[in-house]
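For reference, the structure is listed below as structure tokens.
The values are calculated or read from the model by the stated rules, or taken from the named source; none is laboratory data. What you see is a predicted model, and the numbers here were worked out from it, not measured in a lab. For neighbour counting, all protein chains shown are included, and Cβ atoms are generated from backbone atoms with ideal geometry for every residue, glycine included. Please note that ligands, DNA and RNA were not included when accessible areas were found on the heavy atoms of the full protein model with its side chains. Shrake-Rupley method; radii C 1.70, N 1.55, O 1.52, S 1.80 Å.
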Amino acid sequence: MTFRFIHASDLHIGRKFANIPQPPDGNIRGRLMEARHGAITKLAQAARDRGAAHVLLAGDTFDTATPSPAVVRQALTAMGEAPEVTWWILPGNHDNLRDAEPLWDVISRDAPTNLRALTDAAAIEMTEGITLLPCPVAYRAGASDPSAPLDHMQSPEGHIRIGLAHGGVTDFTESGDAIAPDRDRRAGLDYLALGDWHGRMAVSERVHYCGTPEQDRFKHGQRGVCLAVDIAGPGAIPKVEEIETGSFLWSEAELALHPRQDAAAALNALLPTTGRRDHLLRVTARGWAGLPDRADLARAAETCAPDFAHFDLVTDALATQYEAGDLDEIDRGGALRLAAEALVSEAKSETLSQAERDVAADALARLHAYVQGAKT
């Protein structure tokens, strides 16, 4: 009686990505928003490809408690366009029951026949021999384990027991809202499908975070996935397969530099050669570089940035080596030379704060780059 389903979570449909700079001639925010909606189609296709008739969404299907009517209707319509799949949707932190009560009313009213909104913490028979035990989130933040009701939910003897909850096994949000890592054993679960953590994580062989199907942050370093889960019967260890669903890759890379190194060449060697349009990349430069190298690095970053969905070069951890010849490139005398020497003094000062020294160093690098640019 093997039961197969898709475990997904944290679609955050409707997220506006205000933290991503919008180029004057681009629409990266719109592309990212559309990709989140497109995850519905990819999840439906994953279910078809694996012969799964059910998709479990473990919370935060919508990014806010008040998504626009168009966002909600279009998401429900997309789910309805996969009638061979039943969608089981759990309220999470962002679309919790209290703050998003009107949203869940709309979902209940307008949902297609193949969608089930799990607004009650009560066992429900998904299909013959399979009991789903949902734990909808009532409040955005709480001080209790959101999976605690699972211990008291009953199911018929011989049923596969699948828990569905949203929250952190460790305290990701510092809210005190932490799920017991042994909840599967306490509640006699065959599988606990969790949402909230946006990266893929196997807590144990029966407890899994699937992560978001479309990534939205740099820290996880891989495209989003969903999980195809097979359970052969009550007590059997689940077989879990990752299925890549993400359109965009968010990643970080470190660029270690040393004086007299060709910083621009080092950056270009680090960059991927393909797939840049769908890649959001943050490069953190560390080590030391002379003023000319910093200017070359900035120009190289400016040149490659349009290739990417988003590109960010972070130089806060890159120290500057100052040489007299570098200052000569700014000016051998006069006001600019005096300004450059004053900035060098501030950048090396032991009486100023680190933040003030960093500002001086950055200003000097910008002055050098500006003068060199003006000369060319």
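Before I look further, what does the chain give for accessible area per residue, probe 1.4 Å, in whole square angstrom?
Values: 17290 Å² over 376 residues.
In whole numbers, the chain has 46 Å² accessible per residue.
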Could you tell me the accessible area of Glu81 in Å² (1.4 Å probe, neighbours in place), rounded to the nearest ten? 130 Å²
When the Debye formula is applied to the Cα atoms of the stretch 1-119, each taken as the same point scatterer, what base-10 log of I(q)/I(0) results at q = 0.09, 0.14, 0.23 Å⁻¹? -0.25, -0.58, -1.34
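At a 1.4 Å probe radius, which order do Arg223, Arg161, Arg116 fall into by accessible area, largest first? Mind dumping the intermediate values first?
Working: Arg223 65, Arg161 30, Arg116 105 Å².
Order by accessible area, largest first: Arg116, Arg223, Arg161.
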With only Lys, Arg, Asp and Glu charged, each at its Cβ (+1 for the first two, -1 for the last two), find how big the charge dipole of the chain is about the Cα centre; round to the nearest 20 debye. 540 debye
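Sum up the charges of everything whose Cβ sits under 10 Å from the Cβ of Gly14, counting Lys and Arg as +1 and Asp and Glu as -1, but leave Gly14 out. List each step's numbers first, then the result.
Values: positive: Arg15, Lys16, Arg36; negative: Asp63, Asp95.
Here the charged neighbours net out to +1.
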Determine, at each q value in 0.27, 0.29 (inverse angstroms), the log₁₀ of I(q)/I(0) that the Debye formula gives when each Cα of the stretch 192-257 is one equal point scatterer. -1.14, -1.24
At what distance in angstrom do the alpha carbon centres of the stretch 318-368 and the stretch 63-109 lie from each other? 55 Å
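Quantify how much of the Cα-Cα distance distribution of the chain extends past 35 Å, in percent.
Details: 27913 of 70500 pairs.
Result for the distance tail: 40 percent.
By accessible area of protein heavy atoms, probe 1.4 Å, what ranking do Thr64, Thr131, Thr273 get, highest first?
Details: Thr64 55, Thr131 5, Thr273 130 Å².
From most exposed to least exposed: Thr273, Thr64, Thr131.
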In the chain, carbon and sulfur make up what percent of the accessible area (probe 1.4 Å)? 49 percent
For helix 28-50, report the angle its Cα long axis makes with the longest principal axis of the Cα atoms of the chain; keep it between 0 and 90° and round to the nearest 10°. 40 degrees
Net charge within 14 Å of Arg48 by Cβ-Cβ distance, Lys/Arg positive one each and Asp/Glu negative one each, not counting Arg48 itself? 0
Ser247 - accessible surface, heavy atoms, 1.4 Å probe, Å² rounded to 10: 40 Å²
Per-peptide average of other Cβ atoms within 10 Å, ordering 207-216, 260-269, 276-285, 334-343 highest first: 207-216, 276-285, 260-269, 334-343
When the helices in the chain are scored as -39500 (n - 2.57) per DSSP H run of 4 or longer and the sum is shared across all residues, what 222 nm value do you end up with, to the nearest 500 deg cm²/dmol? -9500 deg cm²/dmol
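Summing Lys, Arg as +1 and Asp, Glu as -1, what charge do residues with Cβ under 9 Å from the Cβ of Asp230 carry, Asp230 excluded? Intermediate results must be reported in sequence, preceding the final value.
Working: positive: Arg4, Arg50, Lys239; negative: Glu241.
Summing Lys and Arg as +1 and Asp and Glu as -1 gives +2.
Any idea how many Lys pairs in the chain come in under 25 angstrom at the alpha carbon, given 8 or more places apart or on separate chains? Before the final figure, lay out each step's value.
Details: Lys16/Lys42; Lys16/Lys219; Lys42/Lys219; Lys42/Lys239.
Close lysine pairs found across the chain: 4.
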How tilted is helix 291-304 with respect to the longest principal axis of the chain? Cα atoms for both, answer in degrees (0 to 90, nearest 10). 40 degrees
Between Asp331 and Val359, what length in nm is gained on full extension when 0.36 nm per residue of separation is reduced by their alpha carbon distance? 8.0 nm
Using DSSP to call loops (not H, G, I, E or B), can you name the chymotrypsin sites (Phe, Trp or Tyr not before Pro) in the stretch 79-157 whose Cβ has at most 16 other Cβ atoms within 10 angstrom? Tyr139
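Determine the shape class of the stretch 82-133: with a ≥ b ≥ c the square roots of the Cα gyration tensor eigenvalues, call it rounded for a/c under 1.5, and otherwise prolate if a/b is greater than b/c, oblate otherwise.
Numbers: a/c = 2.50, a/b = 1.38, b/c = 1.81.
Because a/c hits 1.5 or more and a/b fails to exceed b/c, the stretch 82-133 counts as oblate.
If you take every DSSP beta bridge fully contained in the chain, what fraction is antiparallel? Give it as a percent rounded to 5. Display every interim value, and only then the final one.
Details: 16 of 59 bridges.
In the chain, DSSP labels about 25 percent of beta bridges as antiparallel.
To check you understand DSSP bridge types, tell me what percent of the beta bridges within the stretch 34-137 (both residues inside) are antiparallel, rounded to 5. List each step's numbers first, then the result.
On the way: 3 of 10 bridges.
Antiparallel bridges: around 30 percent, rounded to the nearest 5.
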Taking a 1.4 Å probe, which of Val72, Val359, Val203 shows the most accessible area, and what order do the others take after it? Val359, Val203, Val72
